[in-house]
Amino acid sequence: MRALLVLLALLLALPAAAQSADDLLAQGRAAYDAGDYAESGRLYAAGIEAGSREGGAAYNAACAFALSGDPEAAFHFLRVAADFGFSDADLLTRDTDLESLRDDDRWPTVVADYERRAARAERFWNSPAMRTPFQENLSEDEKLAGLARLWSEAKFNFANFDLVPDLDWDSLYVATIPEVRATASTLDYYRVLMAMVAQLQDGHSNVYAPEALYTKAYARPGLRTRLIDGRVVIVAVRDSALAARGVSVGQEVVGIDGMDVHDYAATHVRPYQSASTAQDLNVRTYEYALFAGDVEAEIGLDLRTADGSTWSLPVRRLTSAQVQALGPSRERFAWAMRPGNVAHVQLNSFGSPEAAEQFEAQFDAIAEADALVLDVRNNGGGSSGVGYRVLCALTDAASIQTSSWRTRLYRPAYRAWGRPEATEGDLAGSWSCGGSRHFDGPVAVLAGPRTFSAAEDFAVAFDLMDRGPIVGEPTGGSTGQPLFFRLPGGGSARVTSKRDAYPDGRDFVGTGVLPDVVAAAGVDDVRAGRDAVLEAALDALADG
């Protein structure tokens, strides 16, 4: 009764003008951020009354009421959150917002209910039936079950079917069944699944072989190549044994295992790469996966030097542990002062907070520069918030604008009634700043086809700030929220469940974020150790 009275009082306190549930929830979040927890709880409750059925909103209401000292309302909305499908028992037990409730007699009952719901959801979405142990050759039943799961997860969750309008996903599923049945090993089976999901043409939708197969599927030599002007050029040699045998940066790979390098890539590599754009596909084919294979099998390379002479040598592949022992290919964060008093800041990963933390820690020294270059050419992503923290130093505004997003809103009853599928999301994304750091000088961002995922979110947000040019090449063209799931034999897969775009609706998924100043390294640049893209950015900054 007490909870009902609380709700009645809350509703009576609502403003006379009707507001949408989304508006009320947004106001509830703003009140929470401002520390007005009673008002936050009231607004979240109003949003639910206005029609929201988001379990997270009810959970947020419970947190706000707990912080405001109203345990009755807090427990009520914890129950509402559970009824709406929220069942994160781990968050419940560690969330400091709920600390005041933990000595209440009702707390153990709530925790037990959340744990039961979480276990039930885990069994439903991640059944042990799909987590069978590894075998060199899975049973046909296991293989077909995994194929069915891959098909169904993409069918109902993949966000970008409109970007592959000619793909008949059901027909591909049916055509893949005999291919799966014909596989004679688990490795062959996973390669069939990789080829299937590659047809989605999405860089965030992938199949991964079981860990037991890593040394057979993912071992590679200690060198890196890149497709430049149609030629496969060595851009890094990390294995000293290869360097001692004469392999060096700038040499061209013209053949692999007796085949022309492009024929080899088209036959043995490209069909298994999931990519959203042509530039992303080239990176995956010629840089990341070209030499991948069995650690026990050497790979034969035909090389051409700058003077046109050719030679061949067998090259050993290395395990992941052996590659890691060679040291990091590049630091997550590095910076140096370039000619013209320009700070060149390399943000090579958003996979941890390190890039933002290092930028913030060294900001005073960086800010001594007259201009700034932020380099995300080799950033494969991670958490978008890491990059946004860096961008906050480029403005004195309270927030920066970020990408919009949407996800499919599949409602079974609506489908039965013949209604079309809808989407929901956020058309005006933002990131709160509020820091004291501010660099007001000229800025450029370096980007290219290895700029991927959260690094592309960074590039979009920078573009929206209108703080300077993006210099380089189109980015990889793939971001979003991947949905991970397990497959039989210890493998896994993911499909992207969220579509990001510019706030005005412009797509960059499937095309890439486009540069304002186009620049790319040529073969001669690689051989001379010259960074043509950085030079183009320095010229652009000098020209104002």
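The values are calculated or read from the model by the stated rules, or taken from the named source; none is laboratory data. Predicted model, so just to flag it, every value in this text is computed and none were measured. Note: ideal-geometry Cβ built from the backbone for every residue, glycine included; neighbour counts use all protein chains shown. Each accessible area value is taken on the protein alone, full model and side chains, heavy atoms only, with ligands, DNA and RNA left out. Shrake-Rupley method; radii C 1.70, N 1.55, O 1.52, S 1.80 Å.
Listed values, structure above:
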| item | result |
| --- | --- |
| Residue within region 371-387 that is over 22 Å from residue 53 (Cβ atoms) and open to solvent by 80 Å² or more (accessible area, probe 1.4 Å) present | no |
| Neighbours by Cβ (under 7 Å, 6+ apart or cross-chain): first from region 269-289, more than 15 Å from residue 235 (Cβ to Cβ) and outside any helix (DSSP H, G or I); second of a type in the set (Lys, Arg) and open to solvent by less than 10 Å² (accessible area, probe 1.4 Å) | none |
| Within region 350-468, helices (runs of 4 or more DSSP H) holding 2 or more residues that are under 22 Å from the mean Cα position of the chain (by Cα) | 354-361, 384-391, 454-465 |
| Positions within region 476-500 being within 27 Å of residue 397 (Cα to Cα) and assigned to a loop (DSSP other than H, G, I, E, B), in sequence order | 479, 480 |
| Region 347-359 residues that are on the phi > 0 side of the Ramachandran plot, paired with ones that are assigned to a helix (DSSP H, G or I) (beta carbon under 6 Å, 6 or more apart) | none |
| Any pair with Cβ under 9 angstrom, 6 or more apart, that starts in region 363-380 at a residue that is more than 30 Å from residue 226 (Cα to Cα) and of a type in the set (Phe, Trp, Tyr) and ends at one that is open to solvent by less than 40 Å² (accessible area, probe 1.4 Å) and in a loop (DSSP other than H, G, I, E, B) | 363/439 |
| Evaluation of residue 184 against (1) open to solvent by 60 Å² or more (accessible area, probe 1.4 Å); (2) touching a residue at least 60 places away in the same chain (Cβ under 8 Å); (3) among the aliphatic types (A, V, I, L, M) (one fails), failing number | (2) |
| Counted residues, region 482-538 - those being hydroxyl-bearing (Ser, Thr, Tyr) and in contact with a helix residue (DSSP H, G or I) (Cβ under 7 Å, 6 or more places away or on another chain) | 2 |
| Hey, residue 66 assigned to a helix (DSSP H, G or I) and free of Cβ contacts under 8 Å to residues at least 60 places away in the same chain or not | yes |
| Yes/no for residue 485 being within 20 Å of residue 383 (Cβ to Cβ) and open to solvent by less than 30 Å² (accessible area, probe 1.4 Å) | no |
| Pair list, Cβ < 9 Å and 6+ apart or interchain, from region 104-129 residues that are farther than 20 Å from residue 488 by Cα to residues that are of a type in the set (Phe, Trp, Tyr) and surrounded by 14 or more Cβ atoms within 10 Å (Cβ to Cβ) | 104/75; 106/75; 107/75; 110/75; 114/86; 117/86 |
| Filtered residue count, region 390-443, keeping only those that are surrounded by 14 or more Cβ atoms within 10 Å (Cβ to Cβ), of a type outside the set (Ser, Thr, Tyr) and in contact (Cβ under 8 Å) with a residue 60 or more places away in the chain | 15 |
| Residues (within 24 Å of the chain's Cα centre (by Cα), among the polar types (S, T, N, Q) and under 16 Å from residue 439 (Cβ atoms)) located in region 327-345 | none |
| Number of the condition not met by residue 72 [criteria: (1) free of Cβ contacts under 8 Å to residues at least 60 places away in the same chain; (2) assigned to a helix (DSSP H, G or I)] | (1) |
| Single unsatisfied condition, residue 78 versus (1) under 28 Å from residue 481 (Cα atoms); (2) among the aliphatic types (A, V, I, L, M); (3) more than 29 Å from the chain's Cα centre (by Cα); (4) open to solvent by 30 Å² or more (accessible area, probe 1.4 Å) | (4) |
| Scope region 147-187; condition under 27 Å from the mean Cα position of the chain (by Cα) and more than 29 Å from residue 511 (Cβ to Cβ); matching residues | 147, 148, 149, 187 |
| Set 235, 254, 247, 269: member being over 32 Å from the mean Cα position of the chain (by Cα), closer than 30 Å to residue 478 by Cα and among the hydrophobic types (A, V, I, L, M, F, W, C) | 254 |
| Index of the failed condition, residue 175 passing every other in (1) over 24 Å from residue 275 (Cβ atoms); (2) open to solvent by 20 Å² or more (accessible area, probe 1.4 Å) | (1) |
| Of all residues making up region 451-481, the number that are under 20 Å from residue 358 (Cβ atoms) and either among the charged types (D, E, K, R) or touching a Pro at 6+ places or on another chain (Cβ under 6 Å) (or both) | 1 |
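Yes/no per residue for (1) without any contact (Cβ under 8 Å) to a residue 40 or more places away in the chain; (2) within 19 Å of residue 461 (Cβ to Cβ); (3) within 30 Å of the chain's Cα centre (by Cα); (4) surrounded by fewer than 16 Cβ atoms within 10 Å (Cβ to Cβ):
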residue: 508; (1), (2), (3), (4): no, yes, yes, no
residue: 522; (1), (2), (3), (4): no, no, yes, yes
residue: 530; (1), (2), (3), (4): yes, no, no, yes
residue: 535; (1), (2), (3), (4): yes, no, yes, no
residue: 539; (1), (2), (3), (4): yes, no, no, yes
